[in-house]
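The values are calculated or read from the model by the stated rules, or taken from the named source; none is laboratory data. Computed from a predicted model, the values in this text were never measured in an experiment. Ideal geometry is used to build each Cβ from the backbone, glycine not excepted, and the neighbour counts take in all protein chains shown.
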């Protein structure tokens, strides 16, 4: 069965209790995690025949591992109403230019996450500013979680407690160290443009 939200959430949906593994406090030799800074998420409107609302967050990433590393990030937003919203792919040039113009003072070299190189070079001089964009989500949501994986190579493999493969072995569930940013929504959904995301907490999870 394919993952619905994440490997662990699938197990929850199946009614299986499983303690979620935690990222290592001290990383093993060869493991790395990028240094991550992030801005307050904002919303933006793309005008046209149909008005489209988006939310976005800017990440500043630095590779301090002492070596160049592979960079294959992925992002999704999950609401407290259990709506899963993948980050936009194939972002329109007009939308990106609106965001870039808004932040050109602080982030003159801003890139789309989807267009970033698949190799993250080491050192402060190679820091990367990327924007992650999400389509508008359920207006009834009162809280969201933003998950971004690919910022670390730390992984863990679990045996599925019930599902078997064709050979009768437990199906493997692969979890990656993932940053989770939690926000609560303030304001009236009827006035969507005035709603704000208030930061709740940040943590690293295996997902």
Single residue of the stretch 142-168 satisfying the filter (in contact with a helix residue (DSSP H, G or I) (Cβ under 9 Å, 6 or more places away or on another chain) and buried (at least 18 other Cβ atoms within 10 Å of the Cβ)) that is modelled with the highest pLDDT: 148
In the stretch 83-95, residue farthest from residue 50 (Cα to Cα) [restricted to those that are out of contact with any helix residue (DSSP H, G or I) (no Cβ under 9 Å at 6 or more places or on another chain) and crowded, with 16+ Cβ neighbours inside 10 Å]: 85
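Among the residues of the stretch 132-168, count how many are over 16 Å from residue 21 (Cβ atoms) and either in contact with a strand residue (DSSP E or B) (Cβ under 8 Å, 6 or more places away or on another chain) or in a strand (DSSP E or B) (or both). Walk me through it before giving the result.
So the first thing to find is which residues in the stretch 132-168 are over 16 Å from residue 21 (Cβ atoms), and the list is 132-146, 148, 150-151, 162-168.
From the residues that got through so far, the ones that are either in contact with a strand residue (DSSP E or B) (Cβ under 8 Å, 6 or more places away or on another chain) or in a strand (DSSP E or B) (or both) too are 132-138, 141-146, 148, 150-151, 162-165.
Selection size over the stretch 132-168: 20.
Any idea which residue in the stretch 169-207 is surrounded by the most Cβ atoms within 10 Å (Cβ to Cβ), counting only those that are assigned to a loop (DSSP other than H, G, I, E, B) and in contact with a strand residue (DSSP E or B) (Cβ under 7 Å, 6 or more places away or on another chain)?
Residue satisfying both the conditions and the ranking: 207.
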